[in-house]
Amino acid sequence: MRLPDALPDELLFSRMIRYCNVGAVPISEFLKNVYGDHRASINPILTSGLSSLSSIYCESKNNLLMEQTLAPLFMHYYPQYKAKLSKAIFSTDNYTAIRLSLLSCVREHAQLTLKMCPVCIQEDIRQFGVAYWHRVHQIPAIESCCEHQQQLVHDHLPKRLKLAVGYPSSFETDNQESSDESFHLAQFSRQVLLEESKSISNFRSASYSEKLSNLGYVTKNGRIRRVKLLSDFYTFTSQLHYPSSNFLPSSESDFKYITNLLYNQYSQHIFKYLLFEYWLSKQRVTRKAPEISSERGVDSASKVEQKCLSLLKQGLSISSISKQIGKSRTYVKSIAYSSGMEHLLKPTKLNASVRGKVIELAWKGFHRSEIAKRVSISTGSVEMLISTVNGLVEWRKRCKYESKRRCYKCQIIRYKQCHLLSIRKDIKRDCNAAFYWLYYHQPEWLESVLPKPSPPHQYPRIKQK
Ligand SMILES: [Zn+2]
């Protein structure tokens, strides 16, 4: 008797269930036959005993391994266990297969589950007359059907005689749609599984570093920008709306998550690799998008360039050209430089004669706003030109000081001439600024011009009677 033919994407484990059910073969008898032990515990995703199965049921053990178990995925992500795993799966070493599959368990003793999609079940029954367990649904921690965007439903396996789980059934389950990201992640994971099923490649964590470098997550010194990377990655994982957070970074500062993945210190859960790779693939798409559009936009870009050049030749100013073509001033300048029109960028207002005039007036001590008015430029430009001449700033400061000194002295002298009977207090009150400026800078002169202080008035003591 042969095993029932494999239906599309059917697990080997599922075929065994159908074999026992259809042929009314007692499970213990089947196990005794294949594994030599009527209580053998077999793993649904890494089913061992392939050599024995192939010889009894005339199957290709390689096909069984590559197409009806999840071994290709495990062998890809855990290359160090590849030889051990294939040896265990071909033999009847259930123990090693189960132990290696535990790499993908959150807790060592977590109960094994098989996952199913309620819509797939209905379609399978309609099309093949039977519901069966799909391989893609069993990818560790994937929670969405990659065909129907439905949340996968977990079915617990019995501890002994796991084949007794029987066919999947959707009688008591409600259809629940999964999030878009969860769905796309499931599709991505299916793609990885299918590729690895064709031929197994060895996973290298170094490939992540290369991709990250292309995406700008690596410094010039070759260090990963962990803060930015984790922040972006965490933002993405929080959009997954995942039923369990066991395999997601716990926070934006969960650096261990990334470090373990990148430096592969310990084997990580398969889902973490899939999740990170899916995110990386998305990044590539978003980064490449502008490149694709830029190819399409080459024509329009050259049109803008041509327009810019013709306007430059007409002698328009940089700012008016930038307004007309809707590009920055820097863009216009770069076009001018690249087409050898640098002379157009030379200053038009601050030419040599204007500069000479400004400096001349500045040496003469004119106020900056007065100079600006005379040569029709801004006071900022005047200040800039003054600061370029050695010693001019100090000279102008000295002039200002002298001017102030003369002005204030004059103010005090005139006040005294107008108010002949004034006393010190009056001058201090009416010429406050001048008084204090001279008090600090020219105290001797101030003392010499101020009226003599009136002697303090002594009030006679009132005698008590
Ligand atoms: Zn489905």
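Return a yes/no flag: does region 31-43 have any residue that is within 25 Å of GLU196 (Cβ to Cβ) and at pLDDT below 90.
Pass one, region 31-43, residues within 25 Å of GLU196 (Cβ to Cβ): 42-43.
From the residues that got through so far, the ones that are at pLDDT below 90 too are 42-43.
Looking through region 31-43, at least one residue is within 25 Å of GLU196 (Cβ to Cβ) and at pLDDT below 90.
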Next on the checklist: Of the conditions (1) more than 11 Å from SER48 (Cα to Cα); (2) of a type outside the set (A, V, I, L, M); (3) at pLDDT 80 or above, CYS105 satisfies every one except a single condition; which number is it?
Outcome noted: (3)
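When residues of region 149-161 are filtered for being more than 38 Å from the chain's Cα centre (by Cα) and surrounded by 14 or more Cβ atoms within 10 Å (Cβ to Cβ), how many remain? Even if it seems obvious, please write down each step before you answer.
So the first thing to find is which residues in region 149-161 are more than 38 Å from the chain's Cα centre (by Cα), and the list is 156-161.
Next, from what is left, pick out any that are surrounded by 14 or more Cβ atoms within 10 Å (Cβ to Cβ): 157, 161.
Residues that pass the stated criteria total 2.
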Item to check | HIS148 vs. criteria without any contact (Cβ under 8 Å) to a residue 24 or more places away in the chain, within 12 Å of the ligand (Cβ to nearest atom) and farther than 26 Å from ARG39 by Cβ | outcome: no
Item to check | Candidate set from region 324-366 (those that are modelled with pLDDT under 85 and closer than 30 Å to CYS399 by Cα); member that is farthest from the chain's Cα centre (by Cα) | outcome: ALA352
Next on the checklist: If I filter region 110-126 for residues that are outside any strand (DSSP E or B), on the phi > 0 side of the Ramachandran plot and within 15 Å of the ligand (Cβ to nearest atom), do I get at least one hit?
Outcome noted: no
Item to check | Among the candidates ALA164, ALA131, residue that is more than 11 Å from the ligand (Cβ to nearest atom) and either assigned to a helix (DSSP H, G or I) or acidic (Asp, Glu) (or both) | outcome: ALA164
Checklist outcome for this item: Scanning region 134-145 for residues that are within 13 Å of the ligand (Cβ to nearest atom) and of a type in the set (Val, Ile, Thr), the one nearest to ARG190 (Cα to Cα) turns out to be VAL136
Checklist outcome for this item: ALA433 meets each of (1) touching a helix residue (DSSP H, G or I) at 6+ places or on another chain (Cβ under 7 Å); (2) farther than 30 Å from VAL375 by Cα; (3) of a type in the set (Gly, Ala, Ser) with one exception, condition (1)
Checklist entry - Across region 162-191, what is the number of residues that are buried (at least 18 other Cβ atoms within 10 Å of the Cβ) and closer than 19 Å to SER41 by Cβ? => result 3
Checklist outcome for this item: Pairs returned, first residue in region 113-132 that is more than 15 Å from ASP9 (Cβ to Cβ), second residue that is within 13 Å of the ligand (Cβ to nearest atom) and part of a loop (DSSP other than H, G, I, E, B), beta-carbon separation under 8 angstrom, 6 or more apart or interchain, are PRO118/SER170; PRO118/THR173; PRO118/ASN175; GLN122/SER170; ILE125/ALA131
Item to check | helices (runs of 4 or more DSSP H) enclosed by region 1-86 - at least 2 residues per element that are touching a residue at least 60 places away in the same chain (Cβ under 8 Å) and aromatic (Phe, Trp, Tyr) | outcome: 71-77
Checklist entry - Is one or more of the residues making up region 369-386 in the same structural domain as CYS431 (by TED's automatic domain parsing), modelled with pLDDT of 90 or more and more than 25 Å from LYS349 (Cα to Cα)? => result no
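The values are calculated or read from the model by the stated rules, or taken from the named source; none is laboratory data. It should be emphasised that the depicted structure is a prediction, and the values quoted were computed from it without experimental measurement. With ideal geometry, Cβ positions are generated from the backbone for all residues, glycine too; neighbour counts draw on all protein chains shown.
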